[in-house]
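See below for the structure under consideration.
Laboratory data are not the source of any read-out in this text; all were calculated from the coordinates shown. Bear in mind the structure is a predicted one, so any value in this text is a computation, not a measurement. Please note: Cβ atoms are built from the backbone with ideal geometry, for glycine as well, and neighbour counts cover all protein chains shown.
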Amino acid sequence: MQVTTTREDYRIAWLTALAVAIHLVEATLPSPLPGIKPGLANVITIVVLLRFGWGSAAWVSLLRILVSSLLLGTFLSPTFVLSLGGATASIAVLWVASRRWTPAFGPLGLSVLAALAHMSGQFGLAFALFIPHPGLLHLLPVLLTAALLFGITSGIIARMMLQGIPENTP
Amino acid sequence: MRGWLTGADGVLLVAAIALIGWLYVSVWGPSSMPLEIEIWSRGQRVEQLPLAEDRILDIRGAMGTSRIEIKDGQARFVASPCTNKLCILHGWQRHAGETTACVPNRVSLRILGRDARYDAINF
């Protein structure tokens, strides 16, 4: 059987590898609260979205979650479920935000949207599946504040990266 | 900062900050449930009233009439026919879960709210 690969497949694989590397480095950082981490791999998703379109961004984002979980040994664990839920929410929001009929967001706006969606999706899943306790709601504003700040940071980095990548990269 | 934010980005940031601020207030702010006062006499609940409305109540008990005052979101006994007047000395009650009783007259009041404090903590 012959598997034919396209140029785009290679590009997605390379970018996913980059995102996985960032994800793994971040996984070693201690976190003050479960659910809070910088999410710098989000930078790659935003850059891919703005240069190569939503389809590539969705591939890179979901493949990153899958590959990282295999490498970290969290595949199919609650961590993986939350991570996948967050990524799905974030990719869904980015789809809406990158349509022609929605206002034109820049890297900063897209990054903030993705971070907030990721956190909300993850929180919603955690609340629905694992800890359906009203006390958990007290954490939501704190978590969203962290998501907002890290979203802005990622957005700034994404914007700087985009300046280094020409508009029509093959 | 030119070129860093599109108009949509700016609107989004303001909206996100407003939303998170509102979440803080609604989740961490004071309990929105108004407190109520419950009054018992001779084993029966005789009154349940909002603590926000000032008033003076005369409650018939086993020995005579106890007078309870509700003022500025707090409640106390002002008069009771008992000998020790412990209920009066207990003073104003204002937090959910707090209770004062005139045991000889069998009249008690209790503050009701969503987040009741503990009656007692045992180590």
Please find the FRET efficiency linking A:Leu71 to B:Gln48, where r is the Cβ-Cβ separation and R0 is fixed at 41 Å, and quote it to the nearest 0.05. 0.10
For segment A:38-45, Karplus couplings with θ = phi - 60° (6.51, -1.76, 1.60), whole Hz, Gly/Pro x: x, x, 5, 4, 4, 4, 4, 4
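Let me know the Kirkwood hydrodynamic radius for the protein assembly as shown, please, with Cα pairs as the basis and the value in Å to one decimal. Numbers along the way, then the final one.
Numbers: mean 1/r = 0.0427 Å⁻¹.
Over the protein assembly as shown, the inverse of the mean reciprocal pair distance is 23.4 Å.
Hey, what number do you get for the protein assembly as shown at 222 nm if only DSSP H runs of n ≥ 4 count, each worth -39500 (n - 2.57), divided across all residues, to the nearest 500? Could the numbers behind the result be given before it?
Details: 8 runs with 142 residues, N = 293.
Value at 222 nm, helices only: -16500 deg cm²/dmol.
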Per-residue HN-Hα couplings for segment A:70-79, Karplus 6.51 cos²θ - 1.76 cosθ + 1.60 at θ = phi - 60°, whole Hz, x for Gly and Pro? 5, 6, 8, x, 10, 3, 6, 8, x, 4
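Can you tell me the FRET efficiency between A:Thr79 and B:Val27 if r is taken as the Cβ-Cβ distance and R0 is 30 Å, rounded to the nearest 0.05? It would help to have the intermediate numbers written out before the result.
Details: r = 25 Å, r/R0 = 0.84.
FRET efficiency, A:Thr79 to B:Val27: 0.75.
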Considering amide H positions built from the backbone, and no H for Pro or chain starts, which residues 5 or more places from B:Glu47, or on another chain, come under 5 Å of its amide H? B:Ile39
Cut-off of 10 Å, at most 10 other beta carbons, DSSP loop: longest stretch of chain B lacking such trypsin sites (Lys or Arg not before Pro): B:3-113
Within segment A:61-116, which trypsin sites (Lys or Arg not before Pro) sit in a loop by DSSP and count at most 14 neighbouring Cβ atoms inside 10 Å? A:Arg99, A:Arg100
Once amide hydrogens are built 1.01 Å from N within the peptide plane, the residues lying 5 or more places from A:Gly106 or on another chain with amide H under 5 Å from its amide H are B:Thr6, B:Asp9
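Note down, for segment A:7-164, the three equivalent ellipsoid semi-axes (square root of 5 times each alpha carbon gyration tensor eigenvalue), biggest first, whole angstrom. Could you put the intermediate results ahead of the total?
Values: eigenvalues 115, 68, 41 Å².
Semi-axes from the Cα gyration tensor: 24, 18, 14 Å.
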Per chain B, cysteines lacking a partner by the 4.7 Å Cβ criterion: B:Cys82
Degrees between helix A:140-164 axis and first principal axis of chain A (Cα, 0 to 90, nearest 10): 20 degrees
Considering chain A as a Gaussian network with a 10 Å cut-off on Cα pairs, which listed residue, A:Leu71, A:Leu63, A:Leu108, attains the greatest mean-square fluctuation? A:Leu71
Taking neighbour Cβ counts within 10 Å as the exposure measure, how do A:His133, B:His90, A:His118 sort from fewest upward? A:His133, B:His90, A:His118
Give the long-range amide H neighbours of B:Val78: residues separated by 5 or more places, or on another chain, with amide H under 5 Å away, using H modelled in the peptide plane at 1.01 Å from N. B:Arg67, B:Ile68, B:Glu69
Scoring only Lys, Arg, Asp and Glu (+1, +1, -1, -1) among other residues with Cβ under 9 Å from the Cβ of B:Lys71 yields -1
Can you list the residues of segment A:92-123 with backbone N under 13 Å from a point 7 Å past the Cα of B:Trp4, pointing along Cα to Cβ? A:107-109
Likely footprinting exposure, A:Leu116, A:Leu49, fewest C-beta neighbours within 10 Å first: A:Leu116, A:Leu49
One would report the Cα pair-distance distribution of segment A:64-140, bin width 5 Å, in %, as 3, 16, 20, 19, 18, 13, 8, 3, 0
